[in-house]
Amino acid sequence: MTIGLIFSLYSYTLGSASITHALPKIPFWAITLLALLSTLNLVSVVMLWMWKKIGFYLLIASAIIVASINGMILGPISIGASISALVGVGILYLAMKPIWKNFK
């Protein structure tokens, strides 16, 4: 997750010209918001490393927001990406479930 989030953060900040070139109708606010959410996700993963439940809850909230933004911008094309983001949260939950009591 960390490597993917670092790549996402790079893409939304330093690589935003490539995104606007590929998707010319994407609003600037969406790229900025997605960069902020990538930063939040990175912080959430660090919180999970520190055994904090709030990190998981932040990842859930972020996945829902990102799915909504993708739906608004890309329309029906984003359904697969939105579902995969939510499936990723489900997989993380299943991985954390046996040790959930260790989180604070």
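Considering the conditions (1) within 25 Å of Gly15 (Cα to Cα); (2) buried (at least 17 other Cβ atoms within 10 Å of the Cβ); (3) of a type in the set (Gly, Ala, Ser), Ser84 is excluded by exactly one of them, (2). Every test in (1) closer than 25 Å to Phe103 by Cα; (2) touching a residue at least 40 places away in the same chain (Cβ under 8 Å); (3) over 11 Å from the mean Cα position of the chain (by Cα); (4) in a helix (DSSP H, G or I) is passed by Ala30 save one, and that test is (1).
The set of residues in the range 45-69 being under 17 Å from Asn102 (Cβ atoms) and surrounded by 15 or more Cβ atoms within 10 Å (Cβ to Cβ) consists of Val45, Met47, Leu48, Lys52, Gly55, Phe56. The set of residues in the range 11-27 being surrounded by 14 or more Cβ atoms within 10 Å (Cβ to Cβ), of a type in the set (A, V, I, L, M, F, W, C) and free of Cβ contacts under 8 Å to residues at least 24 places away in the same chain consists of Ile19 alone.
Of all residues in the range 51-59, none satisfies being part of a helix (DSSP H, G or I) and at positive phi. Every condition in (1) of a type outside the set (A, V, I, L, M); (2) on the phi < 0 side of the Ramachandran plot; (3) surrounded by fewer than 17 Cβ atoms within 10 Å (Cβ to Cβ) is met by Gly75 except one, and the failing one is (2). Taken over the range 18-45, residues that are farther than 26 Å from Ile91 by Cβ and either at pLDDT below 85 or of a type in the set (Val, Ile, Thr) (or both) amount to 9.
Whenever a residue of the range 61-73 is within 17 Å of Trp29 (Cβ to Cβ), it has no partner that is of a type in the set (Phe, Trp, Tyr) lying with C-beta atoms less than 7 angstrom away and at least six residues away or across chains.
Scanning the range 87-104 for residues that are hydrophobic (A, V, I, L, M, F, W, C) and either closer than 16 Å to Leu37 by Cβ or in contact with a helix residue (DSSP H, G or I) (Cβ under 9 Å, 6 or more places away or on another chain) (or both), we see that the one that is surrounded by the fewest Cβ atoms within 10 Å (Cβ to Cβ) is Trp100.
The values are calculated or read from the model by the stated rules, or taken from the named source; none is laboratory data. Since this is a predicted model, take the numbers as computed values, not measurements. Because the Cβ atoms are built from the backbone with ideal geometry, glycine has one as well, and the counts that use them run over all protein chains shown.
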